[in-house]
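**Student:** Handing you a structure now.
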Amino acid sequence: MNKYAIAIHGGAGTILKSSMTDEKEQAYKTALEEAIHAGEVILKNGGAALDAVESAIISLENNPLFNAGKGAVFTNTGKNEMDASIMNGLDLRAGAVAGISNIKNPISLAKAVMEKSEHVFLAGAGAIDFAKKINAEFADADYFFVPMRYDQLQKAKQSDTIALDHTADTFENGEKKFGTVGAVAMDVHGNLAAGTSTGGMTNKKYGRVGDSPIIGAGTYANNTTCAISCTGHGEFFIRAVVAYDISCLMEYKGLSLKEACDKVVMDKLVKLGGEGGLIAIDNKGNIELPFNSEGMYRAKKAADSDLYIGIYK
């Protein structure tokens, strides 16, 4: 059997077993399983890592449990502003979008930027104009209206805080969750790809953008080294250039994937005060799922191994 592997995440943060109902835990596990299956089917049939990553992320974007696509959180003005990026490890092509609204699947628009424009990164109204030009799938405000997310906005507004999806002192179950979704994959041809998608922060203002759509910060893929998708406090991941840093440590210092991940997530980020985690795969199909928070929604599957799903530490 040709070797392939895929990993996904649905956000990290203060995710505690004690604050999770059995039903909710099962719902998350089912959603992660469905998403990883959507990507694995493509890999199993000899498809491209890039397409597997997109397919897995679409599955997560379509599920209101996650802060991306349908489940995107609300900004201060009551809108959804979504960000996404995708990268192809074979040729370092990449596409990204930021501050977009009413796009059903932001990851697909990011991929279209890579494949159908001469650019890497489009934002705001211009990105929407491009989406119309290529006939991307739009969805109205009702599609994105998830009552739980709207309640989170009201609570955040009361305390005038910018909330990371669920913040411990204001939101349900004492969760503080960095709600981002992502996927990394290696296909049977040995090519790597990574993608990340998010709704950002509840009650965010001024067009705030985190690490998710930034190539090298939240997403990176290079066949020489690895593919990375991050989730966490975006400001810190941008400052630490997390995704690219792991690739650099492998390429220039000869570190293994695990060594590079541990150095960046458990040492460099912690010293900065950055909380979160990431999913990583190297060009041999090794997978790492490091995080320095209480939990991270995560799953991985390789051609020669069983499905793994994790939530807590």
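The values are calculated or read from the model by the stated rules, or taken from the named source; none is laboratory data. Because the structure is a prediction, the values reported are computed rather than measured. With ideal geometry, Cβ positions are generated from the backbone for all residues, glycine too; neighbour counts draw on all protein chains shown.
**Student:** Within the stretch 61-69, identify whether any single residue is part of a helix (DSSP H, G or I) and at pLDDT 95 or above, and answer yes or no.
**Tutor:** Yes: one or more hits.
**Student:** Continuing with this model, one more query. Of everything in the stretch 130-145 that's in a loop (DSSP other than H, G, I, E, B) and in contact with a Lys or Arg (Cβ under 7 Å, 6 or more places away or on another chain), which residue is nearest to VAL120 (Cα to Cα)?
**Tutor:** For the stretch 130-145, the residue satisfying everything is ILE134.
**Student:** Mind checking which pairs have a first residue in the stretch 231-256 that is over 18 Å from GLY195 (Cβ atoms) and polar (S, T, N, Q) and a second that is surrounded by 21 or more Cβ atoms within 10 Å (Cβ to Cβ) and at pLDDT 95 or above, Cβ under 9 Å, 6 or more apart or different chains?
**Tutor:** SER256/MET250; SER256/ASP282
**Student:** Restricting to the stretch 16-63, and then to whatever is without any contact (Cβ under 8 Å) to a residue 12 or more places away in the chain and β-branched (Val, Ile, Thr), can you tell me which residue is farthest from LYS104 (Cα to Cα)?
**Tutor:** Of everything passing the filter in the stretch 16-63, THR21 is farthest from LYS104 (Cα to Cα).
**Student:** For GLU23, work out the one condition from (1) under 30 Å from ASP304 (Cβ atoms); (2) part of a helix (DSSP H, G or I); (3) out of contact with any Asp or Glu (no Cβ under 9 Å at 6 or more places or on another chain) it doesn't fulfil.
**Tutor:** All conditions are met except number (1).
**Student:** Right, another one. Name the residues in the stretch 75-112 that are in a loop (DSSP other than H, G, I, E, B) and among the polar types (S, T, N, Q), would you?
**Tutor:** Within the stretch 75-112, THR75, ASN76, THR77, ASN80, SER101, ASN102, ASN105 qualify.
**Student:** Okay, next question. Could you tell me which residue of the stretch 60-80 is farthest from VAL184 (Cα to Cα), considering only residues that are crowded, with 23+ Cβ neighbours inside 10 Å and out of contact with any Phe, Trp or Tyr (no Cβ under 7 Å at 6 or more places or on another chain)?
**Tutor:** That would be THR75.
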